[in-house]
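Reviewing the structure listed below.
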Amino acid sequence: MRTLTRLFNEACTRLYVWLRLQVATEPVRVRAALMSTLIALSVVWPALANQRTDEMLVGIGMTALTILVGEGARARVAPVEEK
């Protein structure tokens with residue numbers, strides 16, 4: 001069971017890092033992938049077929065991903081203390 005948990009955690013970490021890299025370098029492609037996913041889900045869950053709902057969910061997702069990427073960039077750039 002520990003091996004499965006370790007493999008799952010490693011896969012999630014790799015996916016998270018890949019997603020952050022994609023958002024930083026290819027925001028248009030990420031937005032298109034989010035929209036495509038929502039369109040595919042709207043076939044299964046008809047309440048998502050509303051255009052306003054799609055745009056709202058993509059907007060929330062892109063905002064959250066942008067904040068995550070911005071926080072990561074801020075953490076890498078530390079203020080320089082002058083002596």
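The values are calculated or read from the model by the stated rules, or taken from the named source; none is laboratory data. What you see is a predicted model; the values in this text were computed from it and never measured. Cβ sites come from the backbone with ideal geometry, for glycine too, and all protein chains shown count toward neighbours.
A few notes on this one:
- Single residue of Glu71, Glu26, Glu81 found to be modelled with pLDDT of 75 or more, at negative phi and acidic (Asp, Glu): Glu26
- Residues of segment 15-49 classified as more than 21 Å from Ile67 (Cβ to Cβ), without any contact (Cβ under 8 Å) to a residue 12 or more places away in the chain and part of a helix (DSSP H, G or I), total: 9
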